[in-house]
Amino acid sequence: MHTRDFLYLAPLQGFTDHHFRNAFQEVLGDVDRFYAPYLKMAHDGTLKEGPKVDVLPANNPFEKVVPQIMACCTEDFLVMADYLRNLGYTEVNWNLGCPYPMVAKRDLGSGILNKPDKILAILETVIPTCGLKIGLKMRMGYEHTGDILNLLPELNAFPLTEIIVHARYGKQLYAGTCDHDRFTECLPLTSHKLMYNGDINSVEDFRELKTKFPTIQHWMLGRGAVANPFIFEMIQEDNLDFPEDRNEVFLAILLLLLESHLNTNNNDGNILLKMKHYWEYFSSAFHEGLTYYRMVKKAESIAQYETVLEKILLETN
Ligand SMILES: Cc1cc2nc3c(=O)[nH]c(=O)nc-3n(C[C@H](O)[C@H](O)[C@H](O)COP(=O)(O)O)c2cc1C
């Protein structure tokens with residue numbers, strides 16, 4: 001029997017776009033699938049431009065990307081599904097997890113989790129009509145983690161590819177801990193492939209979760225993977241040590257990421273700001289991370305940023 005664990009990169013709007021995914025794939029390539037940040041409708045009924053461009057096949061030369069949409073009605077769901085089907089995608093992930101109040105109060109993201117009838121009605125319509133396989137990525141509820149207990153048994157009636165569960169509730173935002181006891185309660189309630197997501201930031205975290213949930217074979221990593229792209233390889237090898245050439249390889253990823261942005265955007269200031277945001281995550285994976293972050297923040301041009309990168313990653317060890 002095949003028992004390897006499958007590891008997936010979570011969608012993180014502003015971070016795991018095609019620039020990041022492609023740089024990652026080109027240099028490391030050990031993620032089973034990437035999930036793209038969500039598409040959503042603009043107020044004028046068209047699709048928001050950034051995520052729309054992010055999923056274009058020309059920007060995704062490898063076939064490992066699952067696009068995601070955020071919708072609270074059948075009409076919007078079908079508009080986005082049409083767009084994706086016409087681009088050649090065969091599967092879509094429905095975002096039932098976004099926690100932000102502005103989103104949730106419109107029954108989008110995690111805001112719809114306490115209205116199971118609405119979710120089921122949308123699925124009933126879109127499954128036979130949208131022409132795509134559908135998977136879900138959800139929190140466990142909106143105001144508490146109990147919503148999922150009502151929802152999971154109902155979802156067994158639908159042909160879903162998977163259910164990815166971020167083991168928090170929406171109103172928690174990113175605070176507090178994941179509710180592992182609730183996740184355990186979910187296991188017997190679903191006949192679907194269940195994927196665990198939430199706070200896997202190290203090999204130790206993964207080991208602990210694997211011990212808690214031995215039947216789970218599918219895992220999604222977000223912030224921990226942006227901070228440390230080597231985590232997929234380290235988990236698969238059950239190895240606590242970074243690869244020996246960590247800094248050289250990381251530099252190669254960062255230079256590709258930078259180059260990809262420079263090729264599509266001529267606003268150096270914006271690009272520099274974006275790279276500095278990434279370092280909020282990257283810095284947490286280094287002992288001297290805070291020092292590195294300060295050095296990066298001082299860079300005033302792309303050239304200075306490149307010099308700082310080389311200094312940090314090739315000289316300071
Ligand atoms: C900055 C940021 C952006 C996110 N964007 C999305 C998104 O577009 N779609 C989605 O389903 N989840 C999104 N998430 C949630 C992550 O995919 C993931 O579920 C969450 O961070 C928990 O996993 P982690 O602890 O491994 O990061 C985002 C999270 C963060 C921090």
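The values are calculated or read from the model by the stated rules, or taken from the named source; none is laboratory data. Quick caveat: nothing in here was measured; it's all calculated off a predicted structure. Note: ideal-geometry Cβ built from the backbone for every residue, glycine included; neighbour counts use all protein chains shown.
For the reader, a short list of remarks on this structure follows.
- Those helices (runs of 4 or more DSSP H) of region 122-227 in which 2 or more residues are farther than 21 Å from T3 by Cβ and in contact (Cβ under 8 Å) with a residue 12 or more places away in the chain occupy 147-155, 180-186, 223-227.
Table: residues versus (1) within 15 Å of the ligand (Cβ to nearest atom); (2) surrounded by fewer than 19 Cβ atoms within 10 Å (Cβ to Cβ); (3) closer than 26 Å to N239 by Cα.
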| position | (1), (2), (3) |
| --- | --- |
| G135 | yes, no, no |
| L151 | no, no, no |
| A157 | no, yes, no |
| A167 | yes, no, yes |
| S191 | no, yes, no |
| N201 | yes, yes, yes |
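- Matching entry among E185, E162, E237 (being under 19 Å from M70 (Cβ atoms) and either more than 11 Å from the ligand (Cβ to nearest atom) or of a type outside the set (V, I, T) (or both)): E162
- Test: residue in region 79-90 that is within 30 Å of A175 (Cβ to Cβ) and among the charged types (D, E, K, R): no
- Any chance L258 is surrounded by 16 or more Cβ atoms within 10 Å (Cβ to Cβ), more than 16 Å from the ligand (Cβ to nearest atom) and aliphatic (A, V, I, L, M): yes
- Inside region 189-245, residues that are more than 20 Å from the chain's Cα centre (by Cα), acidic (D, E) and within 18 Å of V31 (Cα to Cα) make up a count of 2.
- Of the numbered criteria (1) part of a helix (DSSP H, G or I); (2) not assigned by TED's automatic domain parsing to the domain that holds T307, the one L251 fails is (2).
- Residues that are in contact (Cβ under 8 Å) with a residue 60 or more places away in the chain and out of contact with any Gly (no Cβ under 7 Å at 6 or more places or on another chain) do occur in region 68-80.
- Pairs, first in the same structural domain as N266 (by TED's automatic domain parsing) and closer than 13 Å to L258 by Cα in region 296-307, second in a helix (DSSP H, G or I) and among the β-branched types (V, I, T), C-beta under 9 Å, six or more apart: I302/I271; Y305/I271; Y305/V296
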